[in-house]
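So the structure is just underneath, and the comments pick up after that.
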Amino acid sequence: MTEKITIAVVGSGYVGLVASVCFAEIGHQVICVDNDEAKISSLRDGEVPIYEEYLPELLARHRNKSIEFTTDLHAATRRSQAIFVAVGTPQSQTGSADLSYVDAVASEIARSITEYKVIVEKSTVPVYTNEWISRVIERNGVPRDLFDVTSNPEFLREGTAVVDFLHADRIVIGVENERAATLLRAIYEPLTSGRYYQTVDAVPGVRSSVDPPPILQTSTKAAELIKHASNAFLAMKISFINVVSNVCEAAGADVEEVSRGVGADARIGPKFLKAGIGYGGSCFPKDVAAFRYVAEQLGVDFGLLREVEKINAEQKRRFFQKVRSALWTFRGKKLAVLGLAFKGGTDDIRESPAIDLIGQFLMEGCIVSAYDPAAIERTKQVLPPSGTLSYAKDAYEAAGEADALLILTDWQEFVELDLDRLRYTLRYPIVIDGRNLFDRVIMAQHGFTYLSVGRAGGVQVRDSALTSRLP
Ligand code: UDX
């Protein structure tokens, strides 16, 4: 049994909040700090600001016991052995990561250090950040032997963040000495020893028999690079299959079959080979740009990443063109849009291809009725309802009298739709699926003109609404 370690987590965004709750879940005392008073106060009341499986349950389990919320970073630093920095690192105009929040937090932490502390970078930061943080802390007069700056990148995905944290593939700790390594190893011991998985109410993983995650101990620089390289590689994998999907379309093959065949090679693996309308979210677009910028600063031209970004933008454009060629003209056409979030299972719309596309359809004069199981409220803040944009209570309401139905997010709820009901609700049974959620033959059997990504045209078994509308 390891000791209960007191941990401060600075930042209560996706990474900070999930890490806080999960550290409490594996037995530590956690102080979650944020300078947003309103957010801290609602967290204290047990309100969860993000849509994330298991988060409400775990927060309820540990609130007022092993997790506290505060705006007082000074007191949190004083009381903690380790301080995890999980504040935002947004993209700046140049594409680089804006580290001003990290800088500000580092100075504030420095002013509170009176005994040995381990400062841990948890946000995604460029290589060399640990050295900058050390410099800031030293500049504030803290002797070098009173602190270590380490890197412990987080690989969680939104929607499955809690499970990803507690059932990680690996735990990377970037350290420069054994003193810091010992503390980080102790923090993760309940996971790496497998002890957590034997507790009665442990959050279940996707694998039935859970192998404890291995700890990978590296230099701090390597740990920083592992995070950027992992995200850039995954984004590259998606862009790769997206271009393959375009080749499939031109050649008359099905990208789903090609993807299955390619992914069956253990060296490649089946994940992140799903063609679609391009990646979005708060990480991939920002991290690909930041990694490219970091490389450039170090004198390395990472042209491959420029190409990854270009392909991602092009994939959205191609989908837009697909809708245009299905509808012929846009002005006054009613589009039912299913999906606003950047992927299924989350209410996050940051860099969502769906939001971008809806903006373009509205500019072209379309009338859009949109539905998403979780992201409508957030979308209303950037795209308020108007004469040409409305939000529906479900997919069928959105589909009412629409000239075509577009699928922009891969929600499971959409896969389970009653296809016959949908067909008779639409004015024209045209479905343009940016996420390849349906089987083409089944869609044709239900009377749809079905267009998807990388799957050679639409299969039409009945007289198609499209052709009947031609002059
Ligand atoms: C990602 C990384 O997966 C995670 O490790 C990191 O910590 C943060 O960034 P997240 O942004 O939550 O996580 O979502 P992810 O599931 O990776 O999807 C990112 C985007 O890629 C989504 O828009 C998704 O729709 C798209 N995607 C994903 C595809 O288009 N095809 C795929 O095969 C997989």
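The values are calculated or read from the model by the stated rules, or taken from the named source; none is laboratory data. Every value quoted in this text rests on a predicted model; they were computed, and no experiment measured them. Counting neighbours? That spans all protein chains shown, and the Cβs are built from the backbone with ideal geometry, glycine included.
Conditions tested, residue by residue: (1) within 26 Å of residue 288 (Cα to Cα); (2) outside the structural domain of residue 363 (by TED's automatic domain parsing).
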position	(1), (2)
301	yes, yes
316	yes, no
322	no, no
335	no, no
338	no, no
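Scanning region 258-277 for residues that are near the ligand (Cβ under 9 Å from one of its atoms) and closer than 13 Å to residue 454 by Cβ turns up 259, 273, 274, 275, 276, 277.
Look at region 93-125 and say how many of its residues are part of a loop (DSSP other than H, G, I, E, B) and not hydroxyl-bearing (Ser, Thr, Tyr). Matching residues across region 93-125 total 9.
Within region 169-181, being surrounded by fewer than 18 Cβ atoms within 10 Å (Cβ to Cβ), away from the ligand (no atom under 12 Å from the Cβ) and closer than 25 Å to residue 195 by Cβ holds for 178, 179. Checked against (1) among the small types (Gly, Ala, Ser); (2) free of Cβ contacts under 8 Å to residues at least 60 places away in the same chain; (3) within 16 Å of the ligand (Cβ to nearest atom), residue 345 passes all but condition (2). Does region 304-323 include one or more residues that are over 25 Å from the mean Cα position of the chain (by Cα) and within 22 Å of residue 397 (Cβ to Cβ)? Within region 304-323, one or more residues are over 25 Å from the mean Cα position of the chain (by Cα) and within 22 Å of residue 397 (Cβ to Cβ). You will find that of 161, 202, 229, the residue that is aliphatic (A, V, I, L, M), more than 16 Å from the ligand (Cβ to nearest atom) and touching a residue at least 24 places away in the same chain (Cβ under 8 Å) is 202 and no other. Being under 19 Å from the mean Cα position of the chain (by Cα) and either buried (at least 19 other Cβ atoms within 10 Å of the Cβ) or not assigned by TED's automatic domain parsing to the domain that holds residue 212 (or both) is true for just one of 152, 130. Which residue is that? Exactly one of 152, 130 is under 19 Å from the mean Cα position of the chain (by Cα) and either buried (at least 19 other Cβ atoms within 10 Å of the Cβ) or not assigned by TED's automatic domain parsing to the domain that holds residue 212 (or both), namely 152.
Given the structure, is residue 190 surrounded by fewer than 19 Cβ atoms within 10 Å (Cβ to Cβ) and not polar (S, T, N, Q)? Criteria not met by residue 190.
Looking at residue 378, is it in a loop (DSSP other than H, G, I, E, B) and either buried (at least 17 other Cβ atoms within 10 Å of the Cβ) or not β-branched (Val, Ile, Thr) (or both)? Criteria not met by residue 378.
Might you let me know whether region 276-283 holds any residue that is in a helix (DSSP H, G or I) and in contact (Cβ under 8 Å) with a residue 12 or more places away in the chain? No: region 276-283 contains no residue that is in a helix (DSSP H, G or I) and in contact (Cβ under 8 Å) with a residue 12 or more places away in the chain. For region 328-342, taking the residues that are modelled with pLDDT of 95 or more and of a type in the set (A, V, I, L, M, F, W, C), the one that is nearest to the ligand (Cβ to nearest atom) is identified as 342. Only residues that are over 10 Å from residue 69 (Cα atoms) and crowded, with 23+ Cβ neighbours inside 10 Å were counted in region 29-53, giving 1.
Among the residues of region 260-275 satisfying the criterion of being without any contact (Cβ under 8 Å) to a residue 60 or more places away in the chain and either outside any loop (DSSP other than H, G, I, E, B) or small (Gly, Ala, Ser) (or both), which is farthest from residue 243 (Cα to Cα)? Restricting to residues being without any contact (Cβ under 8 Å) to a residue 60 or more places away in the chain and either outside any loop (DSSP other than H, G, I, E, B) or small (Gly, Ala, Ser) (or both), the top hit is 266. Criterion applied to 184, 166 was being buried (at least 16 other Cβ atoms within 10 Å of the Cβ) and either modelled with pLDDT under 95 or within 16 Å of the ligand (Cβ to nearest atom) (or both), and the one residue passing it is 166.
Yes/no per residue for (1) buried (at least 20 other Cβ atoms within 10 Å of the Cβ); (2) part of a strand (DSSP E or B); (3) under 28 Å from the mean Cα position of the chain (by Cα):
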position	(1), (2), (3)
351	no, no, yes
359	no, no, yes
370	yes, yes, yes
387	no, no, no
444	no, no, no
450	yes, yes, no
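Restricting region 278-316 to residues that are out of contact with any strand residue (DSSP E or B) (no Cβ under 7 Å at 6 or more places or on another chain), aliphatic (A, V, I, L, M) and within 13 Å of the ligand (Cβ to nearest atom), the residue that is nearest to residue 348 (Cα to Cα) is 288. Within region 278-301, the presence of at least one residue that is among the polar types (S, T, N, Q) and surrounded by fewer than 16 Cβ atoms within 10 Å (Cβ to Cβ) is confirmed.
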